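Data block below; observations after.
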Amino acid sequence: MSEELRQLVTPHIDSYDFFAEKALSIIVAGLPPVYINNRAENADSTQKHWRLKFKDVTISKPIKSDNRQLFPTESRQSGTSYSAPMVGTVALLKSPTSDEEHETYNVQLGNIPVMVNSSRCHLRGLTSAQLVKNHEEELEVGGYFIINGNEKVMRMLVANKANHPIALTRQGWTNRGPGYTKFGVTLRSVRPDRSSLTNNLHYISDGQITFRFYFRRQEYFIPVTLLLKALVDTTDKEIFTQIVQGDFENTFLTDRVELTLREQKVKGLNTKDEILDYIGSRYRHKANLPDSFTNQQIAEYMIDNFFLVHLPDYRDKFNILIVMIQKLYAVVQGKNGCDNIDATSFHEVLLPERLTEYLEVSRAMYLKAINAQKTINEDLAFKKAFDRSLNIGEKFNYFLATGNLVSSSGLDLQQTSGFAIIADKLNFIRYISHFRSIHRGAFFATMKTTSIRKLMPESFGFLCPVHTPDGAPCGLLNHLSANCIITKDPSQDEKSKEGVRLLPSFLMAHGVTSIDVTTNFQPNSLPVMLNGKLIGRINDGLAQDLVDLLRYLKSTGDEKAVPQTMEVAYAPKEQSKGGQYPGIFLFTTGARFMRTVINLKSGKNELIGPQEQLYMNISIMPEEVRDSTTHCELSPTAMFSVEANLTPFSDYNQSPRNMYQCQMAKQTMGTPLHSYAYRTDNKLYKVQNIQRPIVATENQSKYRINDYPHGCNAVIAVVSNTGYDMEDAMIINKSAFERGFGHGSVYKNEFVDIDEGKSRLEMGKTSISRPNYTSDNLDQWIDRDGLPYIGRLIKPGEPYYTVFSTIENKQVTKNYKGKEDAWIEEIMILGGSTQVRASTMITKFVVKLRFDRNPVIGDKFSSRHGQKGVLSQLWPEINMPFTESGLKPDVIINPNAFPSRMTIGMLVEILAAKAGAIHGKFQDATAFRFNEKNSAVEFFGEQLKQAGFNYYGNEPMYSGTTGEEFHANIFFGICYYQRLRHMVKDKYQVRATGRVNNITRQPIKGRKVGGGIRFGEMERDSLLAHGTSFCLNDRLMKSSDYCKATVCKQCGSTTSVAIQKSNYSQFTSSTCITCKTDEHLTNIALPYVFTYLIAELASVNISLKLQIK
Amino acid sequence: MSHTLYRHPNLEILEIKNDSITFILSNTDISVANALRRVMIAEVPTMCIDLVEFEANNSVLVDEFIAHRLGLIPLTSHKVDQFNYTRDCSCAERCDNCSVEFKLNARCNDHSYSVTSLDLLSQNDHVIPVGSSDGRPDTVIPIVKLHRGQEVKLRAIAKKGVGKEHAKWSPACVATYQFQPKIVINQNRMDELTDRQKEEWVQSCPANVYQFNAHQRQQVTIEDQMRCMFCMECKKKADSLGKPDLVSIEQKTDKFIFNVETNGSLKPEEVVLSAIQIIKRKLTDIQTQLQDTVN
């Protein structure tokens, strides 16, 4: 197994491990209980409401029904899910508060999908040899689920940074109520189990602030001072001094705080208890808690579960609320600017661990279970109810299979679909990119503004600037840079856990004044926050030194209190005017972006986060270090994703070409895997003769791409030769093709289930069999057992297999329905796991078909520089131009492909590969290795010259047809060519006659159903412009819905013509009903759809008349 | 070019090796030289496997891939003239006069086994895979590697064909010619250059055509003008030195240096002779047909 590859999928695996090992128990403990009315007559008042609660839930390892280990390959091949049983215990507690158990129930919660290579997977820790033994790839790294045989990846999504107050302006907030302004502070509060809730502060034009939260998908507002007073026993004075923090000169602030305190006062309520009682009474109805709860308990329930949930302690909640208020006033006043919520600095990642939140469905399950029976005293019914309805595994399966979220709370997410994607094994590059892709969220895809799609400087080093698709998802679907890591949750990392514990006292020792000591600070003090909790404040002058110290210790790792994955985001006061709200914000939470740079002070590697990067001074090259520089990048290519880093000499290309190459590499027919024999994917591509590129970047071997090559080194001439190379077409040497250039095949797996679509009675009565083998004359196609021969070429319409039905006592031959010749590679018989059958009865099987896909004219090829082209002609070798040494190109492309696209990298690649081929060495093409002083052309030119070639790669060439020398020397060398998956065989469309639409009688659309190609408006326009009316008539009527209609010239109607069939002869007679005669009737030619229009109009009482001359 | 009318083409062999030949064709036109080149590549017949019937194959390579590889194995075709093209043969499907049958029956009982051209057993001793007669491990051609329990069993039919139809039948790996260069150094101009400039100028040629003898009278001489590939780098260099007439390079378009390499199916001289024969036959055909029409 490759450590580098494993690193790429680590965020997924860590996250799943967190889910299975840590979060599951946390969320189970935190799941709100279900209260049941105890209807037993002898119940006293404290026992009126019983409580139903999960005690614990565990996930084991995947097993089969016979308790043997289930391995991923078995799930893949049989089209089932790779999942492990989840078991839980539910406790029935005798009162709403006490923990006295009445009874516990063991419940089977169904099979939970298991991520491959996670701690719950059998493959974890296996060596390459063991993996191969288990029919896996040698380099299998996991990180995905297997759902119904498909490999599914949970898509990483961008979320707002956890537990950090972000100041925003949103025009939409103005219509939240009277006086509401666009100003607000939002905070995404993340619980220890990594489920989250977003809280907001809103600024009202008169200076008040209200607190907004979501509860059961509804918004609620609370005056912020009321909330402050509900959290701790406090006074107006304390609130005032805390918010103003000694800055009494600032009348803007003092006025507004005073006003807020005055205006938000509810009559007669002063103490914490009174206010809690008041809040509780407001939410009693909504909270849906048992009647025995007091108002205070209800209010506490609301505070615990919906207000700033990352901090369980009320004093902490109070403190951060104060900071949020301060920040909001500072922004409204204009002292600080708004934060940019679209910038990576305020982002983190949503990971598969959010599966946990999905456990909330279990709550609904309880309710269902309870509703199923009326009284609590019927134990048996109770147990039965659990057995029936607690299949959470099924929900998870559905979630991963479709990517759709079914949730009552919305889980603080902005979308309900698109959470899971298929990890397409088209080629290895595409496959591995799935694990690095990160989406901004479906909600943003619908936004018309393009600002969110912009490449922000804040994302430097974390998100790849090159690797994003063009078109609709541009800028929304990004990819992590190769060096970017996603932090683990502190609970998974002992060092980080220890650090969080020790850090506060470390900070106190280094200049931070604890909030526990005093609440009165200097006006110029900065808040110091750790994971969204106010630790204390620090004097402005001391902050920089503390931050430098923390960063130094972070890089050395010597200090236990400073974990290496801590982010030290320091927004200095001197840069805060109109900028970020000043403070030191420390984060040790999971799911943050981090990347490695060199700390120049310690000379060691340091992990930095996007929020701290903003104020850091990092040089890209070591020679660029200045006095103020504190850090240095590991390499200038560190900003690229794995895939963008594979483009050779990408620094020489025009930037969009590198983007196109990222797209195109993902469409190449390459090597997706080596275990073809053990896969039943719907479609797999394979290229026969693949090579390792002569010219490649460092990452090519680092990320083991050479183990999965996706092209071949082709001899290329850049010349305009025959005319068959115009407009991005390319000529391929026919002999090169015959020797195997670009040869490939496609594998398709056809699942056949004989019982599919049959009624229950008929099921299991039909199976593969060929009892009539002596008489049916099918020996040529079908074997004795009723299945086709392995290795046979099967053609459309030929007999495929035979089945025998015991009901009809008849042998039926099924024909091959495919439209393409195929080889039968393999037949796998699937056993039914649900029904017990005699082992000889075959009802379900998979046929692996192999299709020949050698290049044909029209197939697509591309180099690695966004230069795609179609094969236009297989040109005979003797007609190909040749060099003096007798070399003939495999590929000819037109020089016009270069000037406008400026893919100089491709020219350099050709040069480098030519030199590499002569000298017998692989060339390094990593970006930014060459510069003006040390140019690539010089480097490779010298190599060429040494070998007796022209310095610039040009060679005199002779025409293959006339034998004469060309007037110009031709640029000639070697270029790595990829074959793209777009093939004529999948796309050609042809039709003479065929199915028509029932209503219009026009040809139907769609290639699959033999439809036509639309002759649309623009095509019509061009025929009109050419004045080719006959041609127009031919296309739009004769070849489409030509029909003959009878019309009455007198009344001009087609609908009034009645056709009568004579009773005594075969002839029909027509008459016009309105004119009562047939003498004006005449036949005209019409498009049939016109008669339909007449009928439609007639239905709304409009008569359409034709004037016939 | 009136004198070309009465030219007598001349062929002078410079070198013959086991698999390559170099000769000079002179006193003729480009078209003739190119015709010879084209015929050597595309129309010299050889024998190649063209039809494969698989009986068993559970190796990792698929049938058509193995068949393709078998086709590309060069077969010794010195007796190719004794065979008919199958399409011209009088037999119904195929016979020994138009084809050669091969058998391959390999099974791996050890850990692994490489099936090579040695396993390809021919029915005709004259038509065998190239390199299999001397049995040297470096000259055999690998076909497929087998694992324990895997087996390949097949029957392959080799037929006569030409490279025009499929590249496998082409005996010539390389068949190329170049014009003989005529390089004249203007020694008067050369003397105007400093030693350093002379050195630079000599270095400018990537093919090392020139030689600068620093010890012998500072003379620039032509070491081997055949090396010249007409890249005109020396001309460009001369221009940049301000001496455009320092050297003149001309192509002698009636003298061609041919270089032919074969894949071993035929000897290089056989390829050339066969090609000339084919051109002759084609011309004779035209002649007879023309005469027939005229008469």
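Under the simplified labelling scheme, the residue A:628-residue A:1039 pair shows an inter-label distance of 6.9 nm, with each label point 7 Å from Cα along Cα→Cβ. Counted by Cβ distance under 10 Å from residue A:560, the other residues give a net charge of -1, where Lys and Arg count +1 and Asp and Glu count -1.
Note the angle between two axes, namely the Cα long axis of helix A:494-509 and the longest principal axis of the Cα atoms of chain A, as a number of degrees from 0 to 90, rounded to the nearest 10. That works out to roughly 40 degrees.
Restriction of the trypsin sites (Lys or Arg not before Pro) in segment A:543-604 to DSSP coil positions whose beta-carbon has at most 16 other beta-carbons within 10 angstrom yields A:560, A:577, A:601.
Full extension of the chain between residue A:635 and residue A:1026 gives 134.8 nm of extra length, using 0.36 nm per residue less the Cα-Cα distance. Relative to the compact-globule estimate of 2.2 N^0.38 Å, the Cα radius of gyration of chain B comes out at 1.37.
For residue B:109 and residue A:89, FRET efficiency with R0 = 45 Å and r from the beta-carbon atoms, rounded to 0.05? Don't jump to the answer; show the numbers that get you there.
On the way: r = 57 Å, r/R0 = 1.26.
Plugging the Cβ-Cβ distance into 1/(1 + (r/R0)^6) gives 0.20.
Below 14 angstrom from the Cβ of residue B:97, what's the summed charge of the other residues (Lys, Arg +1; Asp, Glu -1)? Don't jump to the answer; show the numbers that get you there.
Numbers: positive: B:79, B:87, B:94, B:159, B:160; negative: B:81, B:88, B:93, B:96, B:101.
Local net charge: 0.
Counting only lysines at least 8 places from residue A:844 when in the same chain, those with an alpha carbon closer than 20 Å to its own are A:64, A:683, A:748, A:758, A:765, A:810, A:814, A:817. For the peptides A:748-755, B:238-245, the ranking by packing is A:748-755, B:238-245, with the highest mean count of neighbouring Cβ atoms within 10 Å listed first.
If packing is taken as the mean number of other Cβ atoms within 10 Å per residue, what is the order of B:114-121, A:471-478, A:1018-1025, highest first?
B:114-121, A:471-478, A:1018-1025
From the alpha carbon centroid of segment A:257-281 to that of segment A:914-931 is 74 Å.
For chain A, the longest principal axis of the C-alpha atoms and the axis of helix A:295-306 are separated by about 50°.
Take every residue in peptide A:957-965, count the Cβ atoms of other chains within 10 Å of its Cβ, and give the average of those counts.
Values: counts 0, 8, 2, 4, 2, 3, 13, 5, 6.
Partner Cβ neighbours, averaged per residue: 5.
Extending 7 Å from the Cα toward the beta-carbon at both residue A:3 and residue A:1095 defines two label points whose distance is 7.5 nm. In a fully extended conformation the segment linking residue A:25 and residue A:961 would gain 329.2 nm over its present Cα-Cα distance, using 0.36 nm per residue.
FRET efficiency for the pair residue A:10 and residue A:556, taken as 1/(1 + (r/R0)^6) with r the Cβ-Cβ distance and R0 = 35 Å, rounds to 0.90. Our note on the geometry: Cα centres of segment B:265-291 and segment B:171-196, 34 Å apart.
For a paramagnetic label modelled on residue A:758 (point 7 Å from Cα along Cα→Cβ), amide N atoms under 17 Å away belong, within segment A:799-817, to A:801-815. Model label sites at residue A:772 and residue A:100, defined 7 Å from Cα along the beta-carbon direction, differ in position by 7.7 nm.
Taking Cα centroids, how far is segment A:531-597 from segment A:1065-1100 in Å? Spelled out, the Cα-based centre of one part sits 85 Å from the other. Between the Cα long axis of helix B:30-42 and the first principal axis of chain B there is an angle of about 30°, rounded to the nearest 10. Shielding by partners for peptide B:62-68, expressed as the average number of C-beta atoms from other protein chains within 10 Å of each residue's C-beta, is 5.
For residue A:570, the residues whose amide H sits under 5 Å from its own are A:585, ignoring neighbours fewer than 5 places away on the same chain, with H placed 1.01 Å from N.
Place a +1 charge on the Cβ of each Lys and Arg in the protein assembly as shown and a -1 charge on the Cβ of each Asp and Glu, then give the dipole magnitude about the Cα centre in debye, rounded to the nearest 20. Intermediate results must be reported in sequence, preceding the final value.
Working: 164 positive and 155 negative charges, 774 e Å.
The calculation lands at about 3720 debye.
Each pair of Cα atoms in the protein assembly as shown enters the Kirkwood radius, and Stokes-Einstein at 25 °C and 0.890 mPa s then converts it into a translational diffusion coefficient of 63 µm²/s.
Pull up the cross-link candidates among the aspartates and glutamates for residue A:1105, meaning alpha carbon to alpha carbon under 18 Å and not fewer than 8 places away within one chain. Reachable aspartates and glutamates: A:1078, A:1079, A:1096.
Treating r as the C-beta distance of residue A:792 and residue A:993 and R0 as 41 Å, the FRET efficiency rounds to 0.80. Among the residues of A:877-890, the average count of other protein chain beta-carbon atoms within 10 Å of the residue beta-carbon is 5.
FYI, it's all coordinate maths here, none of it is from the lab. This structure is a prediction, so every number in the text was calculated from the model and none was measured. Don't worry about glycine lacking a Cβ; one is built from the backbone with ideal geometry, like all the others, and counts go over all protein chains shown.
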